[in-house]
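Enquirer: My questions will all concern the structure given below.
The values are calculated or read from the model by the stated rules, or taken from the named source; none is laboratory data. Values in this document were obtained by computation on a predicted structure and should not be read as measured data. Cβ coordinates were reconstructed from backbone atoms using ideal geometry, including for glycine residues, and neighbour counts include every protein chain displayed. For the accessible areas, the whole protein counts, side chains as well, though only heavy atoms, and no ligand, DNA or RNA atoms are used. Shrake-Rupley method; radii C 1.70, N 1.55, O 1.52, S 1.80 Å.
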Amino acid sequence: MTPRPQADPAGAPPLVVEAAGTALVLAPRPDGAGLPEVVHWGPALAGGPSTYAALAAVTTPPAPPSALDEAWPLTVLPGEADGWSGTPGWAGHRGGGAGAVRWQDAVCSAEGTTLVTRASSADGIRLELRHSLDEHGVLRVDAAVTNDGHEAAPLDVSALRAILPLPVRADEVLDLTGRWCRERSPQRSSLDHGTHLRASRRGRTGHDATLLLMAGTHGFGWRTGEVWAVHTAWSGNHEHLVEALPEGAGRHHAVIGGGELLAPGEVRLAPRETYAAPTVVFVHSTDGLDGLSRRLHRSLRARPGHPSRPRPVVLNTWEAVYFETDLDHLKALADKAARIGVERFVLDDGWFGSRRHDRAGLGDWGVSSDVWPQGLAPLVDHVKGLGLEFGLWFEPEMVNEDSDLVRAHPEWVLRPAAGSPREWRFQQLLDLTHDDAREQLLERISGLVGEYGIDYIKWDHNRDLLEAVHTVDGVKGRRVDAPAVHAHTLAFYRLLDDLRARHPQLEIESCSSGGGRVDLGVLERTDRIWTSDCNDALERASIQRWTSLLVPPELMGTHVGPATAHTTHRTVDLGFRMLMALQGHAGLEWDITTCSADELEALTRWTGLARELRPLLHTGDLVRSESPDGTVLVTGTVDAERGHAAYTVARLVTGRDAVTGSLPLPGLDPDRSYAVRVRPEAGLPAVVQHTPPPWWEAALSEEGLVVPGSVLTAVGLPVPVLAPAQGYLLDLHAL
């Protein structure tokens, strides 16, 4: 006789949300005496409710010696009262009292695909947690606490983290680090006892932000292994963690989580005030890192505000002219841009106030009468007359001390009473929490958008926030310095929201000295990110590859720079620069008035290819593979029906072997055949070989080479002997 699954000894049947092969299972505690336990987060299990009831019943762990006498639950907000000795989900205090909380009157219910938990504490803290699983298997956790206490003492919030469990088979950690012009560098380690913490106190997301903190099965890769990941959707101070204790985490091995990183005293709630933590996003995949990207990209593309029209080919003027904003030169630049197929022209820094260099004028958002005696109209009219959209650069949150704004309103600078923080690019921070400062900024930007019909704003942010405090009234009327990153981040979001409400068609790019503010909080309010200030195509190959783990290609600015990169002084062929710029929202950052006729012809073919392929590149699923030594990268995009695909094959440096061999083209339908073409419009590579592989010449023809999908996915095509910083683009259509 087959034993029947027993009910969960903890009490009520578990609550389950399940979508796209992912499941979250919570078990309410008896009579609401404590928060619900997280029984499972990961792959959906066959069998429905009875399976999850059995899972809850049979996975209760034993009680080891010199430990708690009974098995204890890892709850949705774990803390000491649950038996958890690791990083707590909640931390705070009221008037210096004990910070640990016993949650009571807990009620957990299902509202569609959202599990809602509500609870309170004896001293008047009310909690609400929402675990929402979307149709793509992406889980978003939102948490809020309210001060329901009636006494005068405020409630100080130290942390409100989202934490979920990891199983014992997740034994490796992968995260990303970086710096200016070298963002998104991977680093891998074993999941050992202790806390793997990535904390950012930069006041912005940071060039070293991990984007996704991942834990997975041993050796997980692009297409293999099981992976669990977390992202804190917040543009201020934040943290991500993976943590394992010797005694485990209830019925689980370890935990993964994240949240806002709050300074002491930063969030102090008066009675009836609420702190809503930033959304924390969790993703699970059974098919490696590509599976994470597929879920995240599909989820983001399903948003109502996701950019839906084709991404215009951009020319940005920064590396073309820097501060030399001469009208005739800019008109000539726009003429060449229109001729080669550019669709959006963006004027960068140097058009306003006394801004002839980076030491003065920042904050004075009025068109410079010295440089532009007739205003921007002559340039804007010329650009729009060519059929191009017009964009303009701003750095709204920063000011130079040498500016009319600071001279008129020194109180608008965010700084402690003792004096200004150390400068960074000769900048200080405008206090957006100051209503008058924010309103003036909104009026200036909105006025220019309306006056000139600006289509696009490049919104820059060029420094970390140090000593980001403002002076407020403290105890007994004393003036004190209070931390302001939390309030400033919310004020920044409000400014973007207000601007978009006034100008619904306006598009905004999040630039932060390149990739210093890349997160899903800012991407809720903007239309793309500037991936990196580094336009060296060789550096970009890795930067773009790892940024695209989280960010879909259509939201990543990827530009063709000049032959010799301004940031690395490395010279790279035009073909490779064009190839790398096709991997996102394509554009140029180059004075193309200096280009030869051959270069302009090549760029014209390239912009045509970008327009042709963007319906695929900006909607399809990313797939990736690489040579065993990591020197050749394959990055592909496959449409939902697997009828059309494009693959970039790029050699970064010389490899250990004389020939690379055949590299698979993942993601295709093995039961169909494909016509494979090499697209010369993306540039043809320099090679070091006596003869090419036989398939190469056939793939250069209009008809292409017909190959079974099973061959392409399981074996691939032999890679030519590419020189370093060389590559090619394959365009595949199913027959």
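Enquirer: Just to be sure, is residue 498 touching a residue at least 40 places away in the same chain (Cβ under 8 Å), over 19 Å from residue 349 (Cβ atoms), in contact with an Asp or Glu (Cβ under 6 Å, 6 or more places away or on another chain) and among the charged types (D, E, K, R)?
Expert: no
Enquirer: Select from the range 79-119 the residues that are outside any loop (DSSP other than H, G, I, E, B) and free of Cβ contacts under 8 Å to residues at least 24 places away in the same chain and write down the one among them that is surrounded by the fewest Cβ atoms within 10 Å (Cβ to Cβ).
Expert: Taking the candidates together, the pick is 111.
Enquirer: Applying the selection to the range 357-382, what residues are farther than 19 Å from residue 428 by Cβ, without any contact (Cβ under 8 Å) to a residue 60 or more places away in the chain and either within 34 Å of the chain's Cα centre (by Cα) or not in a loop (DSSP other than H, G, I, E, B) (or both)?
Expert: Selection gives 378, 379, 381, 382.
Enquirer: Another question, then. Looking at (1) in a helix (DSSP H, G or I); (2) of a type in the set (A, V, I, L, M); (3) under 19 Å from residue 554 (Cα atoms), which one does residue 622 not meet, given that it meets all the others?
Expert: Of (1) in a helix (DSSP H, G or I); (2) of a type in the set (A, V, I, L, M); (3) under 19 Å from residue 554 (Cα atoms), only one is false for residue 622: (1).
Enquirer: What strands (runs of 3 or more DSSP E), lying completely within the range 383-494, carry at least 3 residues that are at pLDDT 95 or above and closer than 30 Å to residue 331 by Cα?
Expert: In the range 383-494, the matching strands (runs of 3 or more DSSP E) lie at 389-394, 456-459.
Enquirer: With a cut-off of at least 1 residues that are in contact with a Lys or Arg (Cβ under 8 Å, 6 or more places away or on another chain), name the strands (runs of 3 or more DSSP E) lying wholly within the range 272-333.
Expert: Passing ranges, in order: 280-285, 314-316.
Enquirer: Going by what's in this entry, would residue 179 be described as without any contact (Cβ under 8 Å) to a residue 60 or more places away in the chain and in a loop (DSSP other than H, G, I, E, B)?
Expert: The answer is yes for residue 179.
Enquirer: I've got another one for you. Within the set of pairs 6 or more residues apart or between chains, which connect a residue that is in contact (Cβ under 8 Å) with a residue 12 or more places away in the chain inside the range 664-689 to a residue that is assigned to a helix (DSSP H, G or I) and of a type in the set (S, T, N, Q) with Cβ atoms less than 8 Å apart?
Expert: As it stands, the answer is 664/713; 665/713; 666/713; 667/713; 668/713; 670/710; 670/713; 671/710, since those pairs meet every condition given.
Enquirer: Consider residue 148 carefully, then state whether it is surrounded by fewer than 20 Cβ atoms within 10 Å (Cβ to Cβ), modelled with pLDDT under 95, in contact with a strand residue (DSSP E or B) (Cβ under 9 Å, 6 or more places away or on another chain) and among the charged types (D, E, K, R).
Expert: yes
Enquirer: Can I ask one more? Is one or more of the residues making up the range 197-204 more than 25 Å from residue 664 (Cα to Cα), open to solvent by 10 Å² or more (accessible area, probe 1.4 Å), assigned to a loop (DSSP other than H, G, I, E, B) and without any contact (Cβ under 8 Å) to a residue 40 or more places away in the chain?
Expert: No, because not a single residue in the range 197-204 is more than 25 Å from residue 664 (Cα to Cα), open to solvent by 10 Å² or more (accessible area, probe 1.4 Å), assigned to a loop (DSSP other than H, G, I, E, B) and without any contact (Cβ under 8 Å) to a residue 40 or more places away in the chain.
Enquirer: Still on this structure, I have one more. Could you identify the single residue in 338, 360, 334, 417 that is farther than 23 Å from residue 499 by Cβ, in contact with a helix residue (DSSP H, G or I) (Cβ under 6 Å, 6 or more places away or on another chain) and among the hydrophobic types (A, V, I, L, M, F, W, C)?
Expert: Step by step, each of 338, 360, 334, 417 is checked, and only 334 is farther than 23 Å from residue 499 by Cβ, in contact with a helix residue (DSSP H, G or I) (Cβ under 6 Å, 6 or more places away or on another chain) and among the hydrophobic types (A, V, I, L, M, F, W, C).
Enquirer: Could you list all residues from the range 326-341 that are open to solvent by 10 Å² or more (accessible area, probe 1.4 Å) and either β-branched (Val, Ile, Thr) or at pLDDT 95 or above (or both)?
Expert: Passing the criteria: 327, 328, 329, 331, 332, 335, 336, 338, 339, 341.
Enquirer: Among the residues of the range 79-90, is any modelled with pLDDT under 95 and more than 24 Å from residue 195 (Cβ to Cβ)?
Expert: No, the range 79-90 contains no residue that is modelled with pLDDT under 95 and more than 24 Å from residue 195 (Cβ to Cβ).
Enquirer: In this structure, does residue 265 turn out to be open to solvent by 10 Å² or more (accessible area, probe 1.4 Å), at pLDDT below 95 and under 30 Å from residue 99 (Cβ atoms)?
Expert: So residue 265 fits the description; yes.
Enquirer: List pairs: first residue in the range 603-631 and without any contact (Cβ under 8 Å) to a residue 12 or more places away in the chain, second residue open to solvent by 30 Å² or more (accessible area, probe 1.4 Å) anywhere in the structure, Cβ distance under 7 angstrom, at least six positions apart or on different chains.
Expert: Listed by first residue and then by second, the contacts come to nothing, as the list is empty.
Enquirer: Please find, among 380, 399, the residue that is open to solvent by less than 10 Å² (accessible area, probe 1.4 Å), in contact with a Gly (Cβ under 8 Å, 6 or more places away or on another chain) and under 28 Å from residue 264 (Cα atoms).
Expert: Just one listed residue meets the conditions, 399.
Enquirer: Out of 155, 176, which single residue is open to solvent by less than 20 Å² (accessible area, probe 1.4 Å) and either within 30 Å of residue 565 (Cβ to Cβ) or of a type in the set (Val, Ile, Thr) (or both)?
Expert: Going through 155, 176 in turn, just one is open to solvent by less than 20 Å² (accessible area, probe 1.4 Å) and either within 30 Å of residue 565 (Cβ to Cβ) or of a type in the set (Val, Ile, Thr) (or both): 176.
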